[in-house]
Structure formats: structure tokens, C-alpha cells
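All remarks here apply to the structure that follows.
The values are calculated or read from the model by the stated rules, or taken from the named source; none is laboratory data. These numbers were taken from a predicted model, which means no experiment stands behind them. Cβ placement follows ideal geometry from the backbone for every residue including glycine, while neighbour counts extend to all protein chains displayed.
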Amino acid sequence: MSSYSGADIIVLEGLEAVRKRPGMYIGGTGKPGLHHLLWEIVDNGVDEAVNGYADCIQVTLHKDRKSVTVQDNGRGIPVDPHPKKKIPALEVILTTLHSGGKFEGDQYITSGGLHGVGASVVNALSVELIAQVRRGGTTYEQRFQRGQPVTKLKDLDKRTKSTGTSIYFAPDPEIFESTEFDTKRIQEQLEIKSYLNRGLRILFRDESTREEIEYMHEGGIVDYLGHLIQESKTPAVHPEVFSILQDTLEDATRIEIALQWTESTRECIKSYVNGIPTHDGGTHEQGFKDAVRMAVRSWMDTHDVIPRGLDVTSDDIREGLFGVINMFMSDPQFQGQTKDKLNNPSARSLVNSTVRIALEQFLNTHPSASDAIGARVLQSARARHASRAAAKSVRSKARQRRRLTLPGKLADCSSMDPAEGELFIVEGDSAGGSAKQGRDRKTQAVLPLRGKVLNAEQATANKLRNNTELSNVVQALGCGMGTNLEPEKLRYHKVILLMDADSDGHHIATLMLTFFYRYMRPLIDLGHIFIAEPPLYRLDAGKQTYWALDDAEKTRIEKRLRRKNARIKIDVQRFKGLGEMMPQTLKETTLDPAKRRILQVTIPEKTKAEHTIAGLMGRDASVRYRFIMENARNADDLDV
Ligand code: 28G
């Protein structure tokens, strides 16, 4: 594209169509549709920057929060008159509906679509739009209402050396359910755009708070990747980021990719095509995944690191993988209900070969990174095997428990059948004493914990092995830990944490769970880990005794009793700790499978995992405990 004249504009449809069926153009008239208007305008500025004519975009949210101004320092939208229509190009651009694809041939790939396309849609759906252009030494302005020009293009007689475009618009309340913009949403999106366009400076100004933020990332998507990993609170397993940038002039494509493996148990891949997020992936993402699998597989095969008998799947290879794919291409085809999936077959092969070749080379030239990646892949393959193998053998094999070398403090049960065995891990010797007296000796074993339990997140594996309390637990369970875990050797199918209902108790429960999560994860997955809920209150009314887990339950019981008999005398006793409870009481409320309440510990769904696992592993015990209780499901009916 060398020069532009108004003649290039192709006239298509009127803007009435847009006002009649806004959903067809912006998806809907709710909050997402409203913000879509802003992205149409911002993306035009980003295009001007991508093409090399601008380096700064300023977004101002006005005081009413119902109008915005976007400004760039590009060339300014052309204002020369259209040869046939005799109206300025600016007006044509803002009042004519353009369908994508008409400009394709001459148009370089752009950030969100095609230059200027979309601005007319925004104009049609705004009560007011004011366009200002600084170009050729002067400033022009034209105003519109609901898509119609209400002034001619005016020369404001403001001399200026700078060039650029500025668009003010106020979305139409007749069209949108609400016309109020959401600051947070705007900020997040602008930040992503600054990551996707390395070096682009985006300024955001909120007039109502007078807040001003600058988004600018010289590292582009490599910075974005770092941000995502930091947010996940899981460490990377190798320090070097793998990244590629490939521009191919012949087919006008650009591929930008960054990736790194982490300790996270999930995979996080963000992909974009021409600056548009492809939430459902598509051909580019598939090409990427295949390439990662092939490159890692080939490295592991040549270095012979996969033990005999262990199969390694594509999912194992991608567990913990964080990646960003930012691809630019002409004529992207989107598919699916929300048009969130790229469909061009060429993207798959192109991304695949680009990533595969570069990643193979990376692995071969970064031995410590490749070693760490290989180990990470084996770790997930082993964890998957352990869970599956154990699930298979749970019912089939009748196992005998071996006594081995059991810890001295363990009061074991007499039954040797793991399926009916329960191990109570109890905080403190005095509570342990009550539990030993109150238990069913045939099926229930008790292991009291005394000293400090180490935080498995912060201690090395060696330190953990030397920690008496944890090694007692490992010995009692009899199934090993970490890479040596053999869940089928677990000596009790219910492992129940019994701690005081206070913050110390929560803390110890959390440390234990952190340890299980890190080193015996399959036991959680298989549903072997439980939390007991000892009561905090005993209420005696007449000849009846009631137990309450917490204050809320105590109040509920009191209310219920008072409804029946307003003057009833209720005697309330609060337990300071398990140690205070008589063995018989502990049995009735907490140990006896027929009467107790226990919660099965589960790991939250994939989606919640990022946030909550981070909480679980972090330093704040109360956050972690809340996570556990929210995700533990009541196991009363599992007690059969
Ligand atoms: C402030 C808010 C958003 C823009 C430009 C610059 C040009 C342009 C925009 O041209 C017409 C049709 C297809 C090429 C292009 C200026 C060439 C020469 C431009 C924006 C011309 C649109 N001089 N800056 N549109 N195309 N910024 N910012 O919208 O053939 S839109």
C-alpha cells in the first residue's frame, strides 16, 4: 500500500441495519457488546501502530463513565474528498458499513480486523461521536449523532505539527442495556493489548478517579508469559523462556510464541489471532500442541530418559505448560458459536513446523532446561499411572497389611484388611490418648502427632524425610511417598485428620494436606483423605444432649429448643480442645462411623485450581483452611 485516496473506499450498506440488529455486529447489547465498541476503536489505533505509524494510544474514560475518548499519534484518518461522492474520506469511513475482506489484497495484517472497519458500527450505536484528525498541519473535526453527520468536516484552524486521530463517543442508551463502562475490564484488556504489541504505549486515564496508568511491555508476550506464571503462583521448572518470532513476507504471516513449563498441575495456553483472543483454540493451537509433543518426545527418546513400561502421553508432556501464541495472518476464518476458534488449516501446519524445529533446537542447546522439562513430564506420567493402577486394584486384590517397621506411637488396629481400616492422625498426645481409648480397636488406628509438622512447600524432600512427625505418618501409611508412592500398599483406606477446631488445629491440618498434596497426591485423588469434624459445644437440655460444630450451629439448636419451650434451661459447654473431651464423648461425636461427621478432601475443578491451589500452598493458613473446608465434601453417606 503506497498512497491512499478516497477512491479506495467501497460503499456497501446503510447504517440502519446496524441499529436494527446490533447483535449481528457486536454480539449483543449487554456489557460485552458495549465494550466491544471500545475495542473496535482501540484496535484501529493499534493497527496504525502495528503498521509502524503510531506508538502511543490514549484511552480516557470520562467522568460520567458512559463515554470515552481514544487517541493515537498515527497519520490521522484521511480527510480528502471521495471523487464521486464528494464527501471527505473520514465521513465515508464513519458512515458506511464495510464488510471485511474488501480491502484484503492491499492491506497488511492488522490487529483486530481491517483499518477503519468497525468505526461506522460504533458511530451508528453512539448518541454522539466526535472525530478529530490532526493531519497536514491542521486539525479537523466532524460530529455525528446515531451515525448521522450533524456538522460538516470543519477545519478548526488549530495549527499543529503533530498528526493523529482522536475519537470521542457515547454509546446510545436506546441500544444498550447499560452504557456504563467497567474500569477493571478496560484496564485488563488494555494490558493484554500492550503485551501483544511489544513496545506499544497505552495510557489509560480514569477522569472520575484521576487515575492514570501506562501499559508498556518491551518484552511483549515473553512478559505476558511471566505475568501469567507469576499469577498462578507456581514456580517455573526451568529459568529460560522459550520464544520465537517469525515473520514471513511471502504469505504475510507472523508467529510469536513464548512457553515455559511450571510445577502447576494444569496447562495454560493463551492464543490470539490478529490480536483477537481465540478462547477455543483452533488450528494454530493444535499445531502448537502437536509440535510441543513431537519435540519433547523426540528429545526424551534420543536421550533415553523414559523408563521401560512407563507410557508418556501428550497430556503428560503438557502438564504445567504455560504458553502464549500470538499469530497474525490475512483472512483468518473463525468458527464456532462464539467465533472463538481459528479454522484455517494452513495455520496448523505453519505453527507446527515453526515450533517443532525451534523447540527441538532449544532442547538440544539448553541441557539443564531439557533435563528439568523431561523430569517434569515423567513426574506427571508417574502420578497418572499411580492413580490409575491404584484405582484398578482397590477392589480386586485382597491385600494383607504388613506390619513392617511401624512407628512406636502408632496404636494400630487388629484387622489386617485395609478396606475397613481407618487411621486417625490426631493433634497432641492428650487427644491421642482419648482417641486410643474411645476407638474401635478392630478397625481404628490412632497416630498422635506432637512436634511441628514441616511445611512441605518450603522444605526440601530430604528435610521432610528427616522430620519425625511426617516420617511417622509415611511409615504408618506404608505406601511410600513422592515418586516411590505405591497407593495399593496403603494400609488404611480412610486416613482421617483429627485436629482441634481452632487456628492451631487448622494450621496443622493444612500442613498435613499440603504434604499429602505434594507427595501423596494420588491418595487425595482416590478419595482416601478425610477431615474429622469434632464438636465445639455440648448442649444439655433436659435429658437430651446436642453437639454443635460451631457457633452458628449452637445458635440454631438453641433457637429450635426455645421454639418448642421458651423457658427451657440449656446448659452449654465449650470444648477448649480435643484433649478435654472424655474418650466416650469423642467416640460418640467424632469416631463412631454411625454418628460422626467426616469430610472427604477433594481437589477443586481445573478452573478453580490456579487460584485455590495457590492459596493452599501460600503462607496464610486461614486462606488455606477455608479452601479445604469449601472443597471437602460431606462424607457421611460414604461411610457404608
Ligand atoms: C483514535 C482512535 C482510533 C486510524 C488511520 C490512518 C489511516 C486510515 C486510520 O486509513 C482508510 C482504507 C484502506 C488505506 C491510511 C492514513 C493511509 C494513509 C491512513 C484510529 C486507507 C483508512 N493515511 N488511523 N485509517 N484506509 N486511527 N484510531 O482509528 O486503504 S484509522
| remark: In segment 41-73, residues that are surrounded by 21 or more Cβ atoms within 10 Å (Cβ to Cβ) and charged (D, E, K, R) total 4
| query | Would segment 548-563 turn up any residue that is in a helix (DSSP H, G or I) and farther than 23 Å from R597 by Cα? | reply | yes
| query | Do you know which residues across segment 144-188 are closer than 20 Å to D64 by Cβ, within 15 Å of the ligand (Cβ to nearest atom) and not aliphatic (A, V, I, L, M)? | reply | F144, S166, Y168, F169
| Of all residues in segment 62-99, which are assigned to a loop (DSSP other than H, G, I, E, B) and near the ligand (Cβ under 7 Å from one of its atoms)? | G74, R75, G76, I77, P78
| request: Being aliphatic (A, V, I, L, M) and at pLDDT below 95 is the filter here, so list the residues in segment 298-311 that pass it. | output: V305, I306, L310
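Picking from I109, I77, which residue would you name as being under 17 Å from N51 (Cβ atoms), modelled with pLDDT under 95 and not hydroxyl-bearing (S, T, Y)?
Exactly one residue qualifies, and that residue is I109.
Which ones in segment 166-213 are of a type in the set (S, T, N, Q) and touching a strand residue (DSSP E or B) at 6+ places or on another chain (Cβ under 7 Å)?
S166, T179, T183, Q187, S194
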| remark: Considering segment 28-38, residues that are touching a residue at least 24 places away in the same chain (Cβ under 8 Å) and surrounded by fewer than 23 Cβ atoms within 10 Å (Cβ to Cβ), and then whichever is nearest to the ligand (Cβ to nearest atom), we arrive at L38
| Restricted to segment 128-160, and to residues that are farther than 21 Å from N44 by Cα and within 47 Å of the chain's Cα centre (by Cα), which residue is modelled with the lowest pLDDT? | T160
| query | Only one of I213, I192, I202 is touching a Phe, Trp or Tyr at 6+ places or on another chain (Cβ under 9 Å), surrounded by 13 or more Cβ atoms within 10 Å (Cβ to Cβ), among the aliphatic types (A, V, I, L, M) and part of a helix (DSSP H, G or I); which? | reply | I192
| What are the residues in segment 546-558 that are basic (K, R) and either under 15 Å from E533 (Cβ atoms) or more than 43 Å from the chain's Cα centre (by Cα) (or both), if any? | K554
| said: Please go through (1) within 27 Å of G23 (Cα to Cα); (2) more than 12 Å from the ligand (Cβ to nearest atom) for V59 and return the number of the only condition it doesn't satisfy. | reply: (2)
| request: Would you mind stating whether A17 is at pLDDT below 95, farther than 17 Å from V127 by Cβ, near the ligand (Cβ under 10 Å from one of its atoms) and hydrophobic (A, V, I, L, M, F, W, C)? | output: no
